[in-house]
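These notes are about the structure you will find just below.
The values are calculated or read from the model by the stated rules, or taken from the named source; none is laboratory data. The structure presented is a predicted model; accordingly, all values stated were derived computationally and were not measured. Cβ coordinates were reconstructed from backbone atoms using ideal geometry, including for glycine residues, and neighbour counts include every protein chain displayed.
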Amino acid sequence: MKKSLEITDVAAIDMAGSCIASVRTACVVWGIASITTLIAVILALGDNAVEPITLNMFATGFIVAVGCIKAALILRYYLGLGPAAGSWRAMFIAFLIVIFLGVLAAQGVVILMTPQAAS
Amino acid sequence: MKYQSQKVALYYIYGALALFAAQILFGVVAGTVYVLPNLFSEILPFNVIRMIHTNALIVWLLMGYFGAAYYLLPEECETEIHSPKLAIIQFWLFLIAAGAAVVGYIFGIHEGREFLEQPLPIKVGIVVVALMFLYNTTMTLLKGRKTAVSNVLMVALWFVALLFLFAFYNPSNLAVDKMYWWYVVHLWVEGVWELIMASILAFLMIKMTGVDREVVEKWLYVMVSLTLFTGILGTGHHYYWIGTPGYWQWIGNVFSTLEVVPFFAMVVFCFYMVWKGGRDHPNKSALLWSLGCSVMAFFGAGVWGFMHTLSSINYYTHGTQVTAAHGHLAFYGAYVMLNLAIFTYALPYLRGREPYNQQLNMWGFWITTSGMAFMTFTLTFAGVVQTHLQRVLGMNYMDVQDQVALFYWMRLGSGIAVLIGVTFIIWALVVPPRAASVRAKISQPAE
Amino acid sequence: MTAQTQLSSGAEDNDTASWGGLELLPGHPIMWVLILSELVVFGAFLLTFSGARVVDPQGFAQDQMQLDRLAGGINTLVLLTSGLFAVFAIQAVNTGNICRSRLWLVLASLGGAIFLIIKMIEYRAKFDAGIGLESSTFFTLYFLITGFHALHVVLGIGILMVVAIWPSRINVETGAAFWHMVDMVWVLVFPVIYLVR
C-alpha cells in the first residue's frame, strides 16, 4: 500500500500542472458558473406565476444544459479531469449526457401528458 | 503449507464438510416434504426441517470462514497462529453449540425467529466462540505482517461478530423486530460476508495466478468500496412492505440495484487475474471453484437479486418462491462455492499431497452447479406462477401450491442431483486416492 | 515466481499495476472510485425523480411551487465559491505554502457551513408549513436527495478539516476532489429539482 501511494504521489506531481487549473482559469470558471447561476435565480424570481406552468423543451433543455456545463467545468478545471484521464473522462461526460437526456425525455413526456399547451 | 499452526484449519474444514452434508440431506428431506406434505409431519415438522437446513448452512459457512482464516492468516501474516490450542477448543465449542441447537430444534426448543432461532444460551455460546476466534486471529495479525487481504478479512470478521449482537434484541413489535433482524441477516450476507468473499478470492488469486500482490490489492480495495457503498443502504430493499416508512422504497430501489456492481466487479477481477496471470497452477479444481464462485454469485446474488429488488415488483413477489430461488442460488454461488474453493485449494497443502481427485472434484462442481441452476429455474418459474395466481388473481395460498406442484417435483429432482454432486465433492476432498498417497509430495503455493 | 510471470507482469506494470488510469488524476485513486459511485447514485436519484414526475406531473408542479428557489440559487453560489477556495488550497500546497493552504481549506469548509445553515432554514420553513418526508412523493424525493447531499456536505467539511490538519499534497488533492464532487452534484440537483417544471 505504502509503495502504491508513493507511485500515485509521483504521478500526481507530474500531472499537477496540467490537470488542475491555474488560479486565473479557476476564477474564470467560477465567474462563468456564478453568472449563469445569478441569471437563473433572477429569472426564477422575476416569474410571479401563482399557478404551476410547464416549461417547453427549449427552456428545459437550456436550464439542464447550463447545469451540465457547469458540472463539466467543475469536472475539468476544479477536479482536474484532464485529457490524461483517457476513457475515464468519457465515462464522466457520458454520465452528464445521460442526466441531460433523461431529464429532457421526462420533460417531453410531461408536456405530452399535460392538456394545456406548454408555455 | 509453510506454518505448522495452519493445520488447525483441518478441524474446521472437516467440521464444515460434515455440516454441509447434513444441510444437503435436510434440504432433500425438505424438498420431499414439499411434494409429500404429510411425510414426517408427526415426528419432524417441516418448520424444524427447514430450520436445520438453513442453520446448518449458516454454521458450516461460518466454520468454513474460521477455517479459511486460520489457513490464510499465517501465510499472509508470515507467523504462526497465536494459540492453536485455543483454536481447537473454539472448534469443539462451536460444534457442540451447533449440535445442541439441532437437538433442541428437534425437540421443539427454539426462539422461532427465522434464521436466528437459536435459544439464548446457544447465542451466548456463539458470541463466546466468536470472541475466542477474534482474540486468536487479531493477536496473530498484530504480531505479523499486515496485508490488505488479512486486514480486510479481519475487519469483516469483526463486523460479523458485532452485527450478530443485534440478534439479542428481539422487540415484540413485529415490524421493529424485522428492522433489527435485517441488521444481522442483510448486513451479513450483503455486507461483511461479501468483504470476506472478496478477501478470500483475492488470496486465492494471489496464490494461484501469480499476479502481483499490488495489483490484486487494488482490485480488493475497489471491491470493498463498492460493496460497502451499495450494500449498507441496500438494506432498504428489505424495508418495502414490512411497516417501515415509505422513503425506504426509494433508498432501497436505488442502492440495492447497484448491489449488482460489486458482484460484477468480482467476476471481472477473477477472470482478468486468471487471464493476466497465465500461470499453470496444478490445482485446476480450486481455480474452477474460484471462477465459478464469482460467476454464480453474480447470477444468484446479482441478477436474481435484482429481479425482485425494485419495490414495485417486490410488492407482488415478496416472500414467494422467487425469493427462494434467489436465496438458493445466491448462497450457493457466493458463499458455498467460496468455501469449497478455499477448501479445495488448502486441503492438498494441509495434508501434504499433490492436488488429488481433481477429476472427481470437478465432476462434483459441474453436477452440483447444474443441479443448483436447475433448482433456481424451477423455483423461479414456480415463483412467477405463484405470484400471478396468488398476488394478481388472488387465489388461495394452498390452492396455488397445488398448481405449482410440478415445479416442486422438479426441484426435488435437482436437489437429488445436488446431493450426488456434493457426495462427489466431499469424497474428493476427504478420501485420498490410493495412488496419490504413494507419491506424497508437497507442491508449494505460488508467490 | 516464474520468469514468464515476472516478464508478463513487468511488461504491464504501467498499465495494470496502476489503477487503470485513475492514478493520473489528482488525489488518491480510491477517491475517484468513490466519486464515480456517488455520481452514479445521485444520477440514479435524479433520473428517478424525473421518472416519478412523469407519473404525477400535476402533484410535482404543485409541490415544487413551495420550494425556495432563491435559497437554492444562493447555495449554488456558496458552493461554487467554496469549490474555488479548494482549488486555491491545492495551488497553495503545490507552491509549498502550507499555511495558506490551510487557510483556504478552512474558508472552503466555512462555505460548506453556510450552505448547511441555508439548507436548515429551508428545511425549517418546510417543516413549519407542515411538510415532511412523507408528505408526497415529490417531498420524499426532495428531502432524500437534498438530505443525502447535505450529509455529504457535512462529511466533506469533516474531510477538509482532517486534510487541513495533515496538508500533504495528496491529502489536499483527495479532500478537494471529494469537495468538488459535492459541489458538482449540487449543480445538477439544483436545476433538476428546483428549476425544471
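When residues in region A:23-44 are screened for being aliphatic (A, V, I, L, M) and touching a helix residue (DSSP H, G or I) at 6+ places or on another chain (Cβ under 6 Å), 6 of them pass.
Considering region C:140-159, and only residues there that are touching a residue at least 60 places away in the same chain (Cβ under 8 Å) and under 22 Å from A:Ala40 (Cα atoms), the residue that is surrounded by the fewest Cβ atoms within 10 Å (Cβ to Cβ) turns out to be C:Ile145. Out of all the residues in region B:2-20, is one or more crowded, with 16+ Cβ neighbours inside 10 Å, of a type outside the set (Phe, Trp, Tyr) and closer than 30 Å to B:Ala405 by Cβ? Within region B:2-20 (the criterion being crowded, with 16+ Cβ neighbours inside 10 Å, of a type outside the set (Phe, Trp, Tyr) and closer than 30 Å to B:Ala405 by Cβ), the answer is no, since none of the residues qualifies.
Residue count for region C:69-92 under the criterion of being of a type in the set (Phe, Trp, Tyr) and free of Cβ contacts under 8 Å to residues at least 12 places away in the same chain: the result is 0. A single entry from C:Leu133, C:Leu110, C:Leu103, C:Leu116 fulfils the requirement of being more than 18 Å from the chain's Cα centre (by Cα) and assigned to a helix (DSSP H, G or I): C:Leu103.
Checked against the criterion of being facing chain A (nearest Cβ under 10 Å) and either in a helix (DSSP H, G or I) or touching a Ser or Thr at 6+ places or on another chain (Cβ under 7 Å) (or both), region C:145-155 contains not a single residue that satisfies it.
For B:Val254, the requirement of being farther than 30 Å from B:Ala56 by Cα, in contact with a helix residue (DSSP H, G or I) (Cβ under 6 Å, 6 or more places away or on another chain) and among the β-branched types (Val, Ile, Thr) is met. On inspection, C:Asp128 passes the criterion of being of a type in the set (D, E, K, R) and over 17 Å from the mean Cα position of the chain (by Cα). Total residues in region C:23-60 satisfying the condition of being at pLDDT 80 or above, within 7 Å of another protein chain (Cβ to nearest Cβ) and in a helix (DSSP H, G or I): the figure is 19.
Among the residues that make up region A:40-60, is at least one of them touching a Cys at 6+ places or on another chain (Cβ under 8 Å) and buried (at least 16 other Cβ atoms within 10 Å of the Cβ)? Looking through region A:40-60, none of the residues is touching a Cys at 6+ places or on another chain (Cβ under 8 Å) and buried (at least 16 other Cβ atoms within 10 Å of the Cβ).
Quickly run through region C:55-69 and pick out the residues that are under 19 Å from A:Pro115 (Cβ atoms) and surrounded by fewer than 18 Cβ atoms within 10 Å (Cβ to Cβ). Of everything in region C:55-69, those that are under 19 Å from A:Pro115 (Cβ atoms) and surrounded by fewer than 18 Cβ atoms within 10 Å (Cβ to Cβ) turn out to be C:Val55, C:Asp56, C:Gln58, C:Gly59, C:Gln62, C:Met65. Candidates C:Val192, C:Val185, C:Val172: the one that is in contact (Cβ under 8 Å) with a residue 60 or more places away in the chain and in contact with an Asp or Glu (Cβ under 8 Å, 6 or more places away or on another chain) is C:Val185.
Looking at the structure I just gave you, is B:Phe377 of a type in the set (Phe, Trp, Tyr), under 24 Å from the mean Cα position of the chain (by Cα) and surrounded by fewer than 21 Cβ atoms within 10 Å (Cβ to Cβ)? Reasoning before the result, please.
Working: of a type in the set (Phe, Trp, Tyr): yes; under 24 Å from the mean Cα position of the chain (by Cα): yes; surrounded by fewer than 21 Cβ atoms within 10 Å (Cβ to Cβ): yes.
Yes; evaluated as a whole, the condition is true for this residue.
For (1) assigned to a helix (DSSP H, G or I); (2) touching a Phe, Trp or Tyr at 6+ places or on another chain (Cβ under 7 Å); (3) in contact (Cβ under 8 Å) with a residue 12 or more places away in the chain, each residue gets a yes or a no:
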position	(1), (2), (3)
B:Ala382	yes, yes, yes
B:Gln386	yes, no, yes
B:Arg391	yes, yes, yes
B:Met395	no, no, no
B:Asp399	yes, no, no
B:Tyr408	yes, yes, yes
B:Ser414	yes, yes, yes
B:Val418	yes, no, yes
B:Phe424	yes, yes, yes
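Results for (1) under 21 Å from C:Glu38 (Cβ atoms); (2) touching a residue at least 60 places away in the same chain (Cβ under 8 Å); (3) surrounded by fewer than 23 Cβ atoms within 10 Å (Cβ to Cβ), shown as yes or no for each residue.
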| position | (1), (2), (3) |
| --- | --- |
| B:Phe255 | yes, no, yes |
| B:Val261 | yes, no, yes |
| B:Val267 | no, no, yes |
| B:Cys270 | no, yes, no |
| B:Pro282 | no, yes, yes |
| B:Ser285 | no, yes, no |
| B:Leu288 | no, yes, yes |
| B:Ala297 | no, yes, no |
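For region C:160-173, a residue qualifies if it is surrounded by fewer than 23 Cβ atoms within 10 Å (Cβ to Cβ), more than 7 Å from chain A (Cβ to nearest Cβ) and in a helix (DSSP H, G or I), and the qualifying residues are C:Met161, C:Val162, C:Ala164, C:Ile165, C:Asn171. The condition (being within 14 Å of chain A (Cβ to nearest Cβ), part of a helix (DSSP H, G or I), at pLDDT below 95 and under 28 Å from A:Leu55 (Cα atoms)) is satisfied by just one residue among C:Phe88, C:Phe190: C:Phe190.
Against the test of being out of contact with any Asp or Glu (no Cβ under 6 Å at 6 or more places or on another chain), crowded, with 21+ Cβ neighbours inside 10 Å and of a type in the set (A, V, I, L, M, F, W, C), the options C:Ala108, C:Ala113, C:Ala125 yield a single qualifying residue, C:Ala108. Looking at B:Ile251, B:Ile242, just one residue is within 11 Å of another protein chain (Cβ to nearest Cβ), more than 26 Å from B:Ala148 (Cβ to Cβ) and among the hydrophobic types (A, V, I, L, M, F, W, C), and that residue is B:Ile251.
The number of residues in region C:119-129 that are assigned to a helix (DSSP H, G or I) and touching a residue at least 40 places away in the same chain (Cβ under 8 Å) comes to 5.
So that you can scan it fast, the table gives a plain yes or no per residue for (1) in contact (Cβ under 8 Å) with a residue 60 or more places away in the chain; (2) in a helix (DSSP H, G or I); (3) within 22 Å of the chain's Cα centre (by Cα):
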| site | (1), (2), (3) |
| --- | --- |
| B:Gly108 | yes, no, no |
| B:Glu111 | no, no, no |
| B:Phe115 | yes, no, yes |
| B:Val128 | no, yes, yes |
| B:Thr137 | yes, yes, yes |
| B:Ser150 | yes, yes, yes |
| B:Leu162 | no, yes, yes |
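Across region B:270-327, the number of residues qualifying as assigned to a loop (DSSP other than H, G, I, E, B) and within 21 Å of the chain's Cα centre (by Cα) comes to 3. For region B:140-161, the tally of residues that are surrounded by fewer than 21 Cβ atoms within 10 Å (Cβ to Cβ) and either more than 18 Å from B:Glu75 (Cα to Cα) or touching a strand residue (DSSP E or B) at 6+ places or on another chain (Cβ under 8 Å) (or both) stands at 3.
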